[in-house]
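Heads up, the thing below is written out as structure tokens.
No value in this document is a laboratory result; all are computed from the given coordinates. All figures in this text were calculated on a predicted structure; none of them were measured in a lab. Backbone-built Cβ (ideal geometry, glycine too); neighbour counts: all protein chains shown.
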């Protein structure tokens, strides 16, 4: 078809690495101290859930799910107070969200949504 797939893969890698570097710089500036213990297994699960919930091929869906999953722990703080427990209900909620997403909408939140581009 004439499309240089190697060039597009390298571009996607460079593009992703650039934004990961920007995010890491902002994170380091926010914390003012970085240590390997800052990046736990739970942080990896949060990122994975954001991507799967939003849709693997949808940037806008991932952004919406990232906002939702950033606000969710603050809302769940009231659940911990209400039931007077020391357990963290996030893992259970994340598991249920993943299971429901895979069963009801396997393509993710906005996985099938494509923005229409106007032709000029």
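Nearest 500 deg cm²/dmol is fine: what mean residue ellipticity at 222 nm does the chain get from its DSSP H runs of n ≥ 4 alone, each adding -39,500 (n - 2.57), divided by its residue count? Could the numbers behind the result be given before it?
Numbers: 4 runs with 80 residues, N = 120.
That calculation yields -23000 deg cm²/dmol at 222 nm.
For the chain, what relative contact order do you get, as a whole percent, if you take Cα pairs closer than 8 Å and at least 6 residues apart?
Numbers: 65 pairs, mean separation 30.7, N = 120.
Taking the mean separation of contacting Cα pairs over the length of the chain, I get 26 percent.
Sketch the reach of a paramagnetic label on residue 30 as a point 7 Å from Cα along Cα-to-Cβ, and name the residues of segment 36-58 whose backbone nitrogen lies under 17 Å away.
Output list for this probe position: 36-51.
For residue 4 and residue 60 in the same chain, what is the full-extension length gain: residue separation times 0.36 nm, less their Cα-Cα distance, in nm?
Details: separation 56, 0.36 × 56 = 20.16 nm, distance 2.61 nm.
That pair, residue 4 and residue 60, stretches by 17.5 nm at full extension.
Using only Cα atoms, locate the centre of segment 7-21 and the centre of segment 26-50, then give the distance between them in Å, rounded to an integer.
Going from one Cα centre to the other spans 20 Å.
Give the Rg/Rh ratio for the chain, taking Rg as the radius of gyration of the Cα atoms and Rh as the Kirkwood radius, to two decimals.
Numbers: Rg = 18.0 Å, Rh = 17.1 Å.
Using only Cα positions, Rg/Rh for the chain is 1.05.
For the chain, find the longest principal axis of its Cα atoms and tell me its angle to the long axis of helix 59-82, 0 to 90°, nearest 10.
For helix 59-82, the angle is close to 0 degrees.
Based on the mean of other Cβ atoms within 10 Å per residue, sort peptides 66-79, 21-34 so the most packed one is first.
Working: 66-79: 13.0, 21-34: 9.5.
Listed from highest to lowest mean packing, they are 66-79, 21-34.
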